[in-house]
Amino acid sequence: MREEFHDAATSQGTRRSALQSLLGATATSLSLLVPGAAVQASGGTGDPMLAESSDELREHLQRCLGGPWPDFGPLQERVERTEQLDGFRRHYLSYQVEPTERIGAWLLIPDGASANSPAPGICVWHQHAGQYDVGKDEPAGVRSPNFGEMHMTGVALAREGYVVLCPDAAGFGERNRSPNREVRTLQGRDLEHYLFGLQVVAGRCLAWKNISDMRRAVSLLAARPEVRAERLGCYGHSMGSTHTWMVGPWEPRLKALVGNCCMPTYAAMERTSLIHCFPNYVPGWRQYGDLPDIVSLIAPRALHLNFGELDAGSPIEEVRAAMPRLEQAWQVAGARANFSWFIEAGTGHVLSEEMWRLTKEHFRRHLG
């Protein structure tokens, strides 16, 4: 099969069919994504992207995630060590994500960036891949035990001239340890289960915590003197892609976002008996929509999505069904040119050369 790339210029011929799909003419594809979507508006729930405004969907989503995010106070950033590398400086720093939780991160600053000559900034959310002890170290170029240089994307972006922040997600890297180690030491998958459970019994979910932490990371990046705070973006592969479109609706400071190889749907999970990582599970959201409906809430800001045709983690049938609906969400927001997507034929769960080329082009176009 051929590769598929779609942006505003290449989608003119498909816009009419996309609108027909949204109006119910292709109810079969809609029913793959949303329960009851094949039911006409006069007698059923219809398509969430049409039946309710984005503000209403966002309100539903915030309730499902666990409610508003508190103001956790000052970041109390502290740079603890610095090293000069080829083309950039790499700082190890720490900051407060909550008043009782301090985490580490890597900050990569291109040699040409300074307070007198600030650069655009990008947060890079690391992948899962069962690499609980790696986390932020891989995109920051510290170590990549399983994938070589493929996912050292923070380093690559720093060499493109961006200031890059690479934090650990909850349960990964330096956070791969249980909060109460005096009682019992938990790591890896057990710790991930534990952290998810803690959020659920508090009326939230792990995605709520992830989003909260990512908002703190964006605040840190925006406050750096070397960064142009009006030109911020984020990138993520795999779980990092989920984090990208999960934080997107809640972080208007992010002007350009790229998700690589992850946008599963609940419909695909049910059809294929797919088990996914915890950030994808938002309690109660299925009654309002599916994961692409969350993605749609990023509009009108700039989003690019890459997929591998053979990636079992994002079954391509449901991915393809979602794309016209997402295109229409950006069209309705008056920003069709800000959404693009690419499916690479014969490719699985990777960051290919073409995926990376499109990623860099998206950031160049929208961040400069």
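Quick note: the coordinates plus some simple rules give every number you see, no bench work behind them. Quick caveat, the model's predicted, so the values are computed rather than measured. Cβ: placed from backbone, ideal geometry, glycine included. Neighbour counts: every protein chain shown.
Where does each of Trp125, Trp356, Trp341 land when they are ranked from fewest to most other beta-carbon atoms within 10 angstrom? Provide the component values of the computation, followed by the final result.
On the way: Trp125 30, Trp356 16, Trp341 23.
Taking fewest neighbouring Cβ atoms as first place, the list is Trp356, Trp341, Trp125.
If the cut-off is a Cα-Cα distance under 19 Å, which lysines reach Lys360, setting aside same-chain residues fewer than 8 apart in sequence?
Qualifying lysines at Cα under 19 Å: Lys255.
Taking the beta-carbon count within 10 Å as an exposure proxy, list Met239, Met246 from fewest neighbours to most.
Met239, Met246
Taking the number of other C-beta atoms within 10 Å as the exposure measure, put Val295, Val164 in order starting with the fewest. Before the final figure, lay out each step's value.
Details: Val295 24, Val164 31.
In order of increasing Cβ crowding within 10 Å: Val295, Val164.
Quick check: net charge around Arg271, other residues with Cβ under 10 Å of its Cβ, Lys/Arg +1 and Asp/Glu -1? Let's see the in-between values first.
Working: positive: none; negative: Glu270, Glu317, Glu318.
Around Arg271, the surrounding residues sum to -3.
Taking segment 164-255, which GluC sites (Glu not before Pro) meet the DSSP loop condition and have no more than 15 other C-beta atoms within 10 Å? Present the calculation step by step, with values, prior to reporting the outcome.
Values: sites: Glu174, Glu182, Glu192, Glu226, Glu230; in loops: Glu182, Glu226.
Of the GluC sites (Glu not before Pro), the ones in loops of segment 164-255 whose Cβ has at most 15 other Cβ atoms within 10 Å are Glu182.
On a C-alpha basis, how far is the centre of segment 101-164 from the centre of segment 293-368 in Å? Whole number, if you could?
If you average the Cα positions of each part, the centres end up 22 Å apart.
Counting only C-alpha contacts under 8 Å and six or more residues apart, can you give the relative contact order of the chain as a whole percent? Don't jump to the answer; show the numbers that get you there.
On the way: 741 pairs, mean separation 73.9, N = 368.
Answer for the chain is 20 percent.
Quick check on the chain: helices-only [θ] at 222 nm, where DSSP H runs of length 4 and up contribute -39,500 (n - 2.57) each and the sum goes over total residues. Nearest 500, please. Please list the in-between numbers first.
Details: 12 runs with 125 residues, N = 368.
Mean residue ellipticity, 222 nm, calculated: -10000 deg cm²/dmol.
Compute the Rg/Rh shape ratio of segment 47-178: radius of gyration over Kirkwood radius, all on alpha-carbon atoms. Walk me through the intermediate numbers first.
Numbers: Rg = 17.6 Å, Rh = 16.7 Å.
Radius of gyration relative to Kirkwood radius: 1.05.
Quote the FRET efficiency, to the nearest 0.05, computed for Glu77 versus Ile275 with a Förster distance R0 of 41 Å and r equal to the Cβ-Cβ distance.
On the way: r = 37 Å, r/R0 = 0.90.
FRET efficiency, Glu77 to Ile275: 0.65.
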